Each structure stands twice: as C-alpha cells, then as structure tokens.
1. Find the accessible area per residue for the chain; the probe is 1.4 Å, ligands and nucleic acids are left out, and the unit is Å².
2. Would you kindly calculate the translational diffusion coefficient of the chain, applying Stokes-Einstein with the Kirkwood radius from alpha carbon pairs, for 37 °C and a viscosity of 0.692 mPa s, and quote it in µm² s⁻¹ without decimals?
3. What part of the accessible area of the chain, given as a whole %, is carbon or sulfur when the probe is 1.4 angstrom?
4. Which value in deg cm²/dmol, rounded to the nearest 500, describes the helix-derived mean residue ellipticity at 222 nm for the chain, given -39,500 (n - 2.57) per DSSP H run of n ≥ 4 and division by the residue count?
5. What percent does the relative contact order of segment 1-131 come to when contacts are Cα pairs within less than 8 Å and at least six residues apart?
6. Can you tell me which of 128-141, 100-113 comes out highest on packing, and rank the rest after it, using the mean Cβ neighbours within 10 Å?
Amino acid sequence: MSELLVDFITSLDGHASGEGWPGFWGLEGPEYLAWLGEQPEATYLMGANTYRLMSGFATGEVPNGQDEFGPEEEASVDELTQASKVVFSSSLEEPLTWANSTLVCDDAVEAVRAMKSSDSGLLSTIGSLSLCRSLLRAGLVDRFRVVMFPVITGATGEERIYDGYPDVALEMIEHRTFDGRIQLVEYKPRVLEHPPLDAPV
C-alpha cells in the first residue's frame, strides 16, 4: 500500500510563496539542498494551477520579480521533469506537454484512494493547496511535512496554506534544523470532528 505525504515549503507565517521572492526565499543552504537530493523517489500529485506553473518553469519561464533561475532551482525543476507526475484537473486536456505527466479527470480523492490501495511507492503532493486540503479531510494523508524558512511575508505573502483546513491533531514523528536556520517538522495527522475535550497527556 502506498504512503501519502503532504509536503509544504513555507514562510514562518504559513505562506507558500511571496511576490518578488526567489525560490526557497533565497535562503536554501548546503545542508538543506543535500537533504533534498537524498529524498526517495516519489510519484508527485498536483492540481491544474500547480501544473501550469511548474510546467512553465520547465520550459524556461521564471517567477515574477526574477530574471533567471539559480542553479539549485534549475536542478529542482529538472528532477521534477524526470519524476512521475499525476495531475488532477477537469480543465486541462490531453496530451499534457510536461514529460512523465498523467492527467486524471476523475474525483481526486477517490483516485488517490485507489492509488494508495493498488501501489506500493511513495505518493507526494507538490503545491496544490486545495488538493492537499481535500486529501487531508478525507483521511488519506499519512505524513504531513512542513519546511519553514525564517521569513515573515506579511506584506508580500501569497497562498495562505491553512485557510479552510479542519482542526487537525498532529503527532510529531520527525524534526530537524538545516543550515542553522531552516526548520523541518513532520507529523502524523488526525482530522478532528471537534476540539479534544481533554488536554493531551
């Protein structure tokens, strides 16, 4: 059975991106980049907006406010191009132009449920905030990982990650600091129907 990882890279205040900021907020370091390079092979899950953005990067587009990608960003995009990707969308059409991408027009929750039961590899989200929220609500997420960069993007932050989320209890299973400034926290999530009546022991 596959394991599903929701994986976010965020500012401290929970934004997935910020207008004018480079990738990784310009704060990636050698420890963090080495750790990224050690991650196991995965099938990446995304929605249409993330697909459009990332496939554009793969063809040479750069985010607003940047003139070009740094070498670390280029390497990250190249690795994603080589990886297996599943795109959930009712608006995109075949054939998808980004290599190794499969389009699924059916309900994402049911499709991922079937993928988890029939496959044995790692499934990992990339971006796709509404997709991640739906998969979490459905109880399909095995691991919830956040890498927080030491910036607060109160003025320029975009894509607030946790808006619209249910209440979720998080059991920590991993934590780590990279380069003395980047904080990883990883949890096993449990969606709550209501706040716990008793404080956890």
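The values are calculated or read from the model by the stated rules, or taken from the named source; none is laboratory data. The shown structure was predicted, so the numbers you read here are calculated from the model rather than taken from an experiment. Positions of Cβ are backbone-derived with ideal geometry, glycine not excepted, and every protein chain shown enters the neighbour counts. In case anyone asks, the SASA skips ligands and DNA or RNA and just uses the protein heavy atoms, side chains included. Shrake-Rupley method; radii C 1.70, N 1.55, O 1.52, S 1.80 Å.
1. Details: 11150 Å² over 201 residues.
Per-residue value: 55 Å².
2. Values: Rh = 17.9 Å.
Estimated via Stokes-Einstein, D reaches 183 µm²/s.
3. Values: 5510 of 11150 Å².
Within the chain, the accessible surface is 49 percent carbon and sulfur.
4. Numbers: 5 runs with 51 residues, N = 201.
After summing the helix terms and dividing by the residues of the chain, the value is -7500 deg cm²/dmol.
5. Details: 165 pairs, mean separation 57.7, N = 131.
Computed value for segment 1-131: 44 percent relative contact order.
6. Details: 128-141: 18.6, 100-113: 16.0.
Averaged packing, sorted descending, gives the order 128-141, 100-113.
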